[in-house]
Structure formats: C-alpha cells, structure tokens
1. 7 Å along Cα→Cβ for the label point: how many nanometres lie between E:Ala30 and each equivalent label in the other copies, listed shortest first?
2. Can you pull the one-decimal nm distance between simple spin-label points at E:Thr162 and D:Lys159, each 7 Å off the Cα toward Cβ?
3. Roughly how large, in nm² to one decimal, is the mean projection of the convex hull of the alpha-carbon atoms in region D:77-126?
4. Determine ³J(HN,Hα), in whole Hz, for all residues of region D:35-49 in sequence, where each value follows from phi through the Karplus function 6.51 cos²θ - 1.76 cosθ + 1.60 and θ = phi - 60°; x replaces Gly and Pro.
5. Using a probe radius of 1.4 Å on protein heavy atoms only, what is the accessible area buried between chains F and E, both sides summed, to the nearest 100 Å²?
6. Using a label point 7 angstrom from Cα along Cα-to-C-beta, what distances in nm, from shortest up, separate F:Leu98 from the other copies?
7. Given a 1.4 Å probe and every protein chain left where it sits, what share in percent of the accessible area of chain D is carbon and sulfur?
8. Measure of size requested: the Rg and Dmax of the protein assembly as shown, with Cα atoms as the atom set and Å as the unit; please supply both.
Number of protein chains: 6
Amino acid sequence: MGAGDPGDAPRLTHFDAHGNAAMVDVSAKAETERVATAEALVSMRPETFALIESGQVAKGDVLGVARIAGIMAAKRTADLIPLCHPLALSRVAVDFTLLPERSAVRIEATVALKGRTGVEMEALTAVSVAALTLYDMCKAVDRGMTIGDIRLLHKSGGKSGTYRAGDEA
Amino acid sequence: MGAGDPGDAPRLTHFDAHGNAAMVDVSAKAETERVATAEALVSMRPETFALIESGQVAKGDVLGVARIAGIMAAKRTADLIPLCHPLALSRVAVDFTLLPERSAVRIEATVALKGRTGVEMEALTAVSVAALTLYDMCKAVDRGMTIGDIRLLHKSGGKSGTYRAGDEA
Amino acid sequence: MGAGDPGDAPRLTHFDAHGNAAMVDVSAKAETERVATAEALVSMRPETFALIESGQVAKGDVLGVARIAGIMAAKRTADLIPLCHPLALSRVAVDFTLLPERSAVRIEATVALKGRTGVEMEALTAVSVAALTLYDMCKAVDRGMTIGDIRLLHKSGGKSGTYRAGDEA
Amino acid sequence: MGAGDPGDAPRLTHFDAHGNAAMVDVSAKAETERVATAEALVSMRPETFALIESGQVAKGDVLGVARIAGIMAAKRTADLIPLCHPLALSRVAVDFTLLPERSAVRIEATVALKGRTGVEMEALTAVSVAALTLYDMCKAVDRGMTIGDIRLLHKSGGKSGTYRAGDEA
Amino acid sequence: MGAGDPGDAPRLTHFDAHGNAAMVDVSAKAETERVATAEALVSMRPETFALIESGQVAKGDVLGVARIAGIMAAKRTADLIPLCHPLALSRVAVDFTLLPERSAVRIEATVALKGRTGVEMEALTAVSVAALTLYDMCKAVDRGMTIGDIRLLHKSGGKSGTYRAGDEA
Amino acid sequence: MGAGDPGDAPRLTHFDAHGNAAMVDVSAKAETERVATAEALVSMRPETFALIESGQVAKGDVLGVARIAGIMAAKRTADLIPLCHPLALSRVAVDFTLLPERSAVRIEATVALKGRTGVEMEALTAVSVAALTLYDMCKAVDRGMTIGDIRLLHKSGGKSGTYRAGDEA
C-alpha cells in the first residue's frame, strides 16, 4: 500500500492501488485441495434447549432443517459476499453438538474444494445461516437467543498454507 | 405439542402436529407496520481495526462494501432461511460503530415492512452477512477475527407486540 | 385468437395479440384468499422404498430433506417459470404418504396467498422439486426411479373460482 | 449402514454414518466427460394440444418459452436440490416431440459436463421445469394437464459407468 | 442535505444524513398504480441484422429468447440493484421493433405494479438484459454490436407524478 | 445452417440445425486464460454529475455502490442471460472515469477466467448493472439520464483469438 515496499505493512487485498474494491485475480494460482472448518454457537434459555433436544428423538427436527439451510447457503456464498469467487465446491458438511451445560448448540461446518482459492467464507457462511435458521425456528418461544463465536477453526491448502485457531498466539 | 392442551407448553411454531416442518400460515394476520433491529459484533486484532478505521478516511472502504452486502442479504432472507416468508421490505439500513477500545466493529441493522409477518430474520441476516463480508475483506491480514453477539435488539408490530432485548429478565 | 371474436375460442393468456409472450397484467384483479394443492408420485424399487421407510424411524431422513427443498422451491417459482408473477406466499406445506403396496411415495403440497393471482404453479413446483430431491438422494441405489402424476388437485380463490381434479369430466 | 460391513447393503450416499445429510465429497474423483439425458411427458386435452401445435407454426410459441425455462433451470439445479454440487455445465439442450396420438408433448433434455460428478439431476430438473412452464402457459385453458414419466434415459461417465433405462431388468 | 432547508438543493435520496447508502423507507407511501416504460437500442452490422430478421420468419428466434430474458430479469431487479425494493410486479411486457434503415433493434419494456414505489428500474433492467441477451446470441458473428439509448420513456403513479422523456426541456 | 457448407455463411451458434435455442457444447474446448473488457457511458445533467463528483470526496459514494453491484452482477451472468455457461470467474474489476466535459461517467469492467469459454458477457453485464445502479441512485434528481455506448472493448483467449474494438474496420 505504501509507495516503497508493499511487504512492509499488512494490506487489504480486496482493494486496488486506488482503494477501489475488486474481486482479486486468482487465475495464476495453482489448483490445490482446500479445506476449511468453521464454528458458531447458539445460546438460548434452558426451556428452548430442551425443545430442540427433544426434537432430536421425537417430532420436530430443528437441527435437520438448519443443516440443510447451512449446506445450501455454502453454495450461495458468492451470491452473498460481494468479493467472493464463485466456486464449484466438492463437499459441504454441517454438524451440531448439543451442550446442555451451556444451554447452547455448537455448529461446525467443513467445506472442501479442489481449486484456486480458499473456502473459509463458505464454511463461515454455512455455520451462520444454520445458526440463523435455528433462531428462526425457535424465535416464537425465545427471542433472546444469541449467536456468537463464529470463527474459522482450521483451513489448509493454497499458498498461505495451514491455519489453526489458537496457533497465532 | 402436549397431548392435553397445546397452550400448556411453549411450542415450535414451524412444525405441524406430526412434527413436520412447514411455512406457517400468516394469511389471516393483519397487515401492520413492523420494524426490527438487530446487532452483531466483529472482533479483531488492533492492527486490523486500524486498517478498517483508516479506510473510512482514506482508501479502501471496507464498511461501505459490508453495508451493501448486508442490505442485499436482507432482501434474500427468504431464499436462505427455509421457513421464512418472502416479504416486500419497505426499508433496510445497516450502520457501523467503531469501538477502538474493544478493537471491534459493531453492526446494527433496521428493517421495516407493512405486512403480515415480522422482519426479525431480515435484520439478523443483514448484520450476519455484513459481518461475514467484513471478515472476508480482512481475512488476509487476520484469520482469527470472530463474529459474535448476533441478537435481536428490538421489534415492534404484529400480535406478539414489542420486544426489547434485556426486558425479559 | 381468431380474427373475429377473441371470446370464441380458448386462448393462451400468456401471449399478446401478436403472439408475443408476456407476464399478464393482474393489477386490476382483487386481492382474495387463494389456495392450491398439487401432488406427485415417485415410484421406485421395493428395496429403495424400504430404505426411505426405515429412514423415517431411524437414520437418514430423506423425506425431511425433500420437504425443505419443496418449501424453498415454492418460494423460487417466479425465478424458474418465466411468466409467473412474484408472490408473497403466506403458507407452504409439503407432505408425504408412503404407499408400500405401490412401492411409491406420494407428495402433496398446499400453498396459500392473499393476493391477485393464483398459486397453482407454486404448489406444482413444490411437489416437483421435492420429488427431484427424493430422486437425488436415492439415485445411487436406484437410477430407474420415475416421477409421475404431477397434477393440480384443487384450487380456490380468484375470478375462475374453485377447481377440483376429476370434476371436469 | 449396518454395523458389520457397509458394503453389505445398498446405502443412501447423502447421509453420513450418523444419518445426517451431507453433500458428499467428490474431490478425489477424476474429471471425466459426463452426459445425462432425461425425459418427461405432459398430457393434455386435444384442444390444448392443438393450441400448442398451432403455436409452432404461427403465433404463441409455448415450446420456445418452455425450452428457455428448462435450460435456465438446469443451471439452477444446485440452488434447488439441497445436496447437489454446483457444476460448470458445458452443454444443455432441451427438445420437444409432439405426440398427437397421445395428445401429449414429450420433453427430452441432455446435459454435459467435464467434471467430478454426474449431471443426472441437471437433466431431470431441465425437463421438470420445462414441463411446469408448459403447464403454466396452458393452464388457463386446461387445469387438468398432468406431468409424468419423468425419468433418466441415459447417463455416461464417472465411476458408476453407463446407465440406460430399461437395461436394469 | 444542508441543515437549513432540505428543499434548497437536489439530493441523492439513497444516502442518509451521514452519507451512508440505505434502502429508503417507503412504508408510509400510498399504494397506487404505477407504470414505467423504458427503451434500449442495439446497433449492429447489416448482416447481423439480416440474421435476426430472418429468424423472425424462419429458424432461430433470437428475439423470442431475448424477450423471456428481459421479463425474467425484471423480476430479479431487487437482487441486482442494491438499493431497489423487492416488488410483487403485476405486469411485464418486452417488445422489439426492427429498424432496418438503422440496422438496429429497438427494445421497449413496460412494467406495472400496484404498490408503494415506482418500477422504473424494473423496466430499465428488462430492456438492458434483453439487449445483453441479443448481444450474446449474435456475438459469434458480430462482436462489435453496441447497446445504447437506454432510458426511461414514461412513468406514472406515486407522489412524483408522471414523467415523460423530452418534457423536461 | 445451409446443407452444403456450414462455413459459407455467418450463423447464430446458439441455435441447433432445427432453429432451436441451446447452450452450446464447450466441453471439447481447451481451458485457456480468457480476459474481456467492456465499457458503458452514463450521461446526465451537469447538476447530477456534480452530486456524484462531490460524493467521491465527501458523503454519498454513488460509485462505490455501483462498483459492488457491477462485480456481483458479473457473477450472476449465467442466471440472467439464458444461453450463457456458468463460469468460475477468477477476477472481476469495475472502474469509473468522471468526464466533466461530457457530464458523464464512463464505466469499464474487466473479467478473467481460466476456462473453456469467453467472459465477454460477464464484462458487459458488469458495466450494464453498474450503470443501472448509478441511474437508480440518482433518478430522484434526474430521470432523464441515459445509458449508452455499452460495448466490448477487448477480449483475448480461446479459439477465436483476440478482438479489439475498432480493429474490424
């Protein structure tokens, strides 16, 4: 960004030298196996948690609907995030862990691609939309639910290599 | 959901008596003015925060791009959340507050509609996608950013009346 | 369509006097309650039917996924069918009946709207996409599945009044 | 699916070991030429058939509109069918055969791709949406039209090799 | 925009007092009949024009395909133009006039709505996408085609009343 | 198209031998680097131009919003133009030049892909939607704005080689 040495400072890659947003050129990048995993946490009242939990064993499968929403959203990422590249994803999985002691549902999504750019945004979009769907289906009984801890857990492939949350410290 | 009296217990409205997901019938509801406001918080390293902040006064307007993404996503809510009704939104606004002391950006979205169902999901979707866009544009310098505190702040209109976060306690 | 009297003969309403396709004007129509129900039948080998049936009571809920796909597709109808009007649907439900004696799954969708045009296409699109999803999830074990009997069962509301399949004869 | 040997029984590939739906991983598959052909049949009253037939030689080209709808729908398949992979299709063609003796229109779609997964669903989606469009354009004169015989005729490419309808018996 | 009198100067309505883009609030506006007509002109080499013209009477109906694309695009306007309101359009028509003396095709689109905001953008989007489709189908023989004269011809309804191109001078 | 020699006459490649529209087969084409650049010109009243120009240095960044709309539209091209192939674009950039002497804004878009078909339509769609967005944001002050000179400036890659506007004469 500076005149002298572009390597001196961190730089927002989605802007050109004039500060204009652009979808960056990835055509020179190699096609490699890329995988990314992200998570989110939906916190709620114990009564709401009990309703979701019971749906797993009986009627009303909230998590089954949220899983489909998350998978479909991963495929729509480039439609939603302005500077994301459209990608032919090769795998999307969304899973849930019930955390009764925290009265929360943990969502984890893994996305894979053989391609020229990473799939972090696809994994983050999947957990976000799965969480929003969970909120939607339970909001009549608990409008105070909160969605948090949305973050990248892990990614591999590409020039920047492997990232694992917690390693940076 | 209980055998005796459906009014006895909280119930997930998006499921019918057999536990099957459905888009609930709102055709008998009155058309009223409905407004919802939601928020999200994106936390990052101080260096990343400084890059966003400087973009506001110079080159590289991250927040301008995230705002457009959030507004457009509000209009796509029914495409993303399986049981949401398609709605002819009459207003969408997305705003940002820089919180230097927390090294975070707070996002707030307000959505309005004259219609038969609420717009909470549209406001929550707007802040979520604005937050994801912010992550996307800064991820090359800070993959450890986290998105949290996504919640409904306020909603009015409709049979269930007004909700304000914090009032429930 | 003939020169003399346009009222003489049945006529394709989606074409103007010059034979050009158009989305017909409904702005003068009254807003009434409109409901439509459609069905489809997916036929398969008994082994495939057994897999779907067992998923209902154990792991692998094929019908739950197909239901969500059908509901979401109803909302996309105007994106898919060129001359359909975009509509703010007020209700969508998709249900399945297992027909072991025919080794088939019957799909029924009901869509409702308070508006200026009917929702037949939305109900037909819902059953079609639910059926395609069912095919997709079972195709690895049975590529010979067939989808048939897609038809309108019933519709009410609007100037043309009530239609019930079988009444016309 | 059984505990002992997963190879013993047919298995629904879109579910993981816990019965959760997922978009299956195709990244290890080879890129091969893949082609799929599907068909559908739209049956109608002779008067309706006559209107469509006359449109082919004069005003009101119902089939031309349905063809475009089918081609565009093939490209939207991954948006509609939850567990389908997004694919960069290399060819889509939709054709119609008028069957006056059956008062029906036969629709055939062929889709091709050089890629890691098959295009059966794209061909089936193309014929289904072309059929729905045909219904839409003629419904004002014939609400009793039915769509049937939607099936895969042929597919080639990929590990499972060539399939031809009728060969399985 | 100034503090004293907002009527003093023209002002861009899609920005709030802080210069932030927003989808403006139309919920207080009355539902009125709104109509807008727009046009575009596609200029080409005489040989290209001859191919299009011959398609009208024989094989290869370029204009039929472009018409469908224009109608469908009008319905997608709010997906494409960031600050446009989603609208339940009640009519869309796209027509073509062959101008042999100018070796050009004139496209005209009319859109109607009973609603709270105008449909100018829907009419302009319809002619633009119809023109792009025409370009796409002829580009193999004439990459030098140009699209121009895209403008609003007429609009009525709403608080700002009737506009007719040419009246302003 | 003719019986004897298909090379004799220019031919519309999007139609088969029977005159039916189709998405042409590109699976046999080589994957090469493909780049296309297109432009558009938006003409307006000097007062409108002054508002846009001032937004660049102060509040109300019309061009920033139009840029995002153009980039996102490039990714939607295959959804809009019926016979376009879906493509995994590797780069999209949209830039603006203010032309005070003409009271106009010039828009230029460049799109790149490593793939089997060209990206001319993506570049043309980007400039068209950026221009429509500019119109939308300024229409309250200037409904007489016109969009013109939409054309391909340059393309490279693929069997047909390099094209540069103006060279054909």
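1. Copy-to-copy label distances at E:Ala30, shortest first: 2.2, 2.2, 6.7, 6.8, 7.1 nm.
2. 6.9
3. Details: hull surface 15.9 nm².
Projected area, direction-averaged: 4.0 nm².
4. 9, 9, 10, 10, 9, 8, 10, 10, 9, 8, 6, x, 5, 5, 4
5. On the way: alone 9980 and 9940 Å², together 15230 Å².
Buried area (both sides, nearest 100 Å²): 4700 Å².
6. Label-point distances to the other copies, shortest first: 2.3, 4.6, 6.1, 6.1, 6.9 nm.
7. On the way: 3040 of 6050 Å².
On chain D, the fraction of accessible area on carbon and sulfur atoms equals 50 percent.
8. Final numbers for Rg and Dmax: 27.0, 84 Å.
The values are calculated or read from the model by the stated rules, or taken from the named source; none is laboratory data. Please read all numbers here as calculations on a predicted model, not as lab measurements. Reconstructed Cβ throughout: ideal geometry from the backbone, glycine too, with neighbour counts over all protein chains shown. With ligands, DNA and RNA removed, areas are computed over all heavy atoms of the protein, side chains included. Shrake-Rupley method; radii C 1.70, N 1.55, O 1.52, S 1.80 Å.
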